[in-house]
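The values are calculated or read from the model by the stated rules, or taken from the named source; none is laboratory data. All values derive from a computational prediction rather than experimental measurement. Here the Cβ is made from the backbone with ideal geometry for all residues, glycine too, and neighbour counts use every protein chain on show.
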Amino acid sequence: MTTPALMGTYARTDIAFDHGEGAWLTSTDGRRFLDFGAGIAVNALGHAHPRLVSVLREQAGKLWHTSNLYRVPGQERVAERLVAHSFADAVFFCSTGLEANEAALKLARKVAHEEGQGDRVRFIVTDGAFHGRSFATMAATGNPKHMAGYGPMMDGFDRVPFGDLDATRAAVTDQTCAVMIEPVQGEGGIRTAPQGYLAGLRALCDEHGLLLILDEVQTGIGRTGSLFAHEQAGISPDIVTVAKGLGGGFPVGALLTTARWAGAFTPGSHGTTFGGNPLAMAVAEAVLDEVLAPGFLERVDRVGAELGEALRRVAADAPGVIAEVRGCGLMWGLVCRVPNGDLIAACRDQGLLLVPASDNVARLLPPLIIDTPEVDAAGAMLRAACGELTA
Ligand SMILES: *Cc1c(COP(=O)(O)O)cnc(C)c1O
């Protein structure tokens, strides 16, 4: 199936893909799949998007990498674009989600230090979170399965239940510098923030002088129907991290923050070799052009609602398979009554690719370019898969 030359880090499904087009993938053995995993919420514009292919080709013929020792015009343009369309005033580029979160945690401590409050070193995080696999972000995540065998863990994280404002308030001490949450928990099983949660956290952070860090690595760049998920709560965070959708499949991450905090990162205080290289920036700029084009996010919102309805109809007819449908935008979870892997395998047999998550959830994270025909096709395949499981 695979080779011992490759480390066994993943429980891979025995399929390899040869090429893709839009929301569809073709495997090396010629089968077609409707890709409602999108590389775990990464291929925001689907596969082989003509514009992304063309900007990457063009940049590849000019310049790949120069390092952050020099100005990178693409970084300046993408940063200005992100700033123009968000709460933020400044951006730091990196290559992955965990790197963006690592930068966010470092920035929060640095801000406290600069404000003469160097003993404020602790972060409040939530259960069911996922922030990455580095030592810091693994500790922030707090998943026992991820941490097993890697101790000692980095200290500094105080955990409260997701969605619980009172518990968050109770966890604040004079050592707390920031609260970090995902507006919708992705890996945790598509757990959406309860009404008023983000606004409540904002008020709590203001009251105690804490930074509000939102990990939008999965929810950002249009996934929930707005450029950032937190916009829908009408709040302004202090730090937002993005990655997955930003490069449409090219590795790139970013930290966004306000002018008030951006100055805590000074030359030499943080950095990365690869972050924001010209290839990544060419693609990210094109992704933002598309996602911010008139009508794009409105369609994500409309198609997302259609997908939610379609899923609820299938779930109503297959109560032995699907216990609950939850999500928003193009980020949906099916809480399964059967093992989630069984539903995912049955969907794959029908030609529909989904992604597992905690809480026995099967996730649907289609490319943001889909429309009603893909929703209908996915609904039919899911219905057939449920039929197979109950037969
Ligand atoms: C995927 C993800 C990460 C980690 O991103 P990597 O690029 O794998 O490091 C962090 N936070 C959230 C919310 C994610 O979904």
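With the structure loaded, tell me whether ASP238 is of a type in the set (Asp, Glu), closer than 19 Å to ALA167 by Cβ and in the same structural domain as THR126 (by TED's automatic domain parsing) or whether it fails that test. Criteria not met by ASP238.
Selection of the stretch 7-41 for residues being within 19 Å of MET381 (Cα to Cα), charged (D, E, K, R) and either at pLDDT below 95 or part of a loop (DSSP other than H, G, I, E, B) (or both) yields only ARG31.
Remark: SER86 matches the filter, which requires a residue to be assigned by TED's automatic domain parsing to the domain that holds VAL283, surrounded by 14 or more Cβ atoms within 10 Å (Cβ to Cβ) and outside any helix (DSSP H, G or I).
Checked against the criteria, PRO251 counts as within 16 Å of the ligand (Cβ to nearest atom) and surrounded by fewer than 24 Cβ atoms within 10 Å (Cβ to Cβ). Against the test of being modelled with pLDDT of 95 or more and more than 14 Å from LEU82 (Cα to Cα), the options LEU292, LEU297, LEU288 yield a single qualifying residue, LEU297. Look at the stretch 298-320: where a residue is closer than 14 Å to ALA385 by Cα and touching a residue at least 12 places away in the same chain (Cβ under 8 Å) and a partner is assigned to a helix (DSSP H, G or I) and polar (S, T, N, Q), sitting 6+ places away or on another chain with Cβ atoms under 6 Å, you get GLY320/THR390. The set of residues from the stretch 91-130 being surrounded by 17 or more Cβ atoms within 10 Å (Cβ to Cβ) and of a type in the set (Gly, Ala, Ser) comprises SER95, GLY97, ALA100, ALA103, ALA104, ALA108, ALA112, GLY128, ALA129.
For the stretch 300-350, a residue qualifies if it is touching an Asp or Glu at 6+ places or on another chain (Cβ under 8 Å) and surrounded by fewer than 17 Cβ atoms within 10 Å (Cβ to Cβ), and exactly one does: ASP349. For the stretch 208-215, the condition holds for no residue, the condition being that it is part of a loop (DSSP other than H, G, I, E, B) and within 16 Å of the ligand (Cβ to nearest atom).
Within the stretch 89-102, how many residues turn out to be closer than 22 Å to ILE40 by Cα and either assigned to a helix (DSSP H, G or I) or more than 16 Å from the ligand (Cβ to nearest atom) (or both)? Residues that pass the stated criteria total 6. Exactly one condition in (1) over 20 Å from ASP371 (Cβ atoms); (2) free of Cβ contacts under 8 Å to residues at least 60 places away in the same chain; (3) surrounded by fewer than 22 Cβ atoms within 10 Å (Cβ to Cβ); (4) not acidic (Asp, Glu) is not met by ASN360; state its number. Of everything listed in (1) over 20 Å from ASP371 (Cβ atoms); (2) free of Cβ contacts under 8 Å to residues at least 60 places away in the same chain; (3) surrounded by fewer than 22 Cβ atoms within 10 Å (Cβ to Cβ); (4) not acidic (Asp, Glu), ASN360 misses just condition (2). For PHE33, the stated conditions hold: it is in contact with a helix residue (DSSP H, G or I) (Cβ under 8 Å, 6 or more places away or on another chain), of a type in the set (Phe, Trp, Tyr) and farther than 30 Å from LEU214 by Cβ.
All of (1) in a helix (DSSP H, G or I); (2) within 13 Å of the ligand (Cβ to nearest atom); (3) of a type outside the set (A, V, I, L, M, F, W, C) hold for GLN218 with one exception: (1).
Please go through the stretch 259-275 and pick out each residue that is surrounded by fewer than 24 Cβ atoms within 10 Å (Cβ to Cβ) and within 21 Å of the chain's Cα centre (by Cα).
THR272, PHE274
What tally of residues in the stretch 46-80 results from selecting those that are outside any helix (DSSP H, G or I), among the hydroxyl-bearing types (Ser, Thr, Tyr) and in contact with a helix residue (DSSP H, G or I) (Cβ under 9 Å, 6 or more places away or on another chain)? Final tally of qualifying residues: 1.
Please work out if THR241 is among the polar types (S, T, N, Q), within 16 Å of the ligand (Cβ to nearest atom) and touching an Asp or Glu at 6+ places or on another chain (Cβ under 6 Å). Taking the combined requirement at face value, the residue satisfies it.
Does LEU52 meet the test of being surrounded by 19 or more Cβ atoms within 10 Å (Cβ to Cβ), among the hydrophobic types (A, V, I, L, M, F, W, C), away from the ligand (no atom under 16 Å from the Cβ) and within 30 Å of MET180 (Cβ to Cβ)? Answer is no for this residue.
Per-residue answers, yes or no, for (1) part of a strand (DSSP E or B); (2) under 20 Å from the mean Cα position of the chain (by Cα):
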| position | (1), (2) |
| --- | --- |
| ILE124 | yes, yes |
| ALA129 | no, yes |
| THR137 | no, yes |
| ASP155 | no, no |
| GLY163 | no, yes |
| CYS177 | yes, no |
| GLN195 | no, no |
| LEU198 | no, yes |
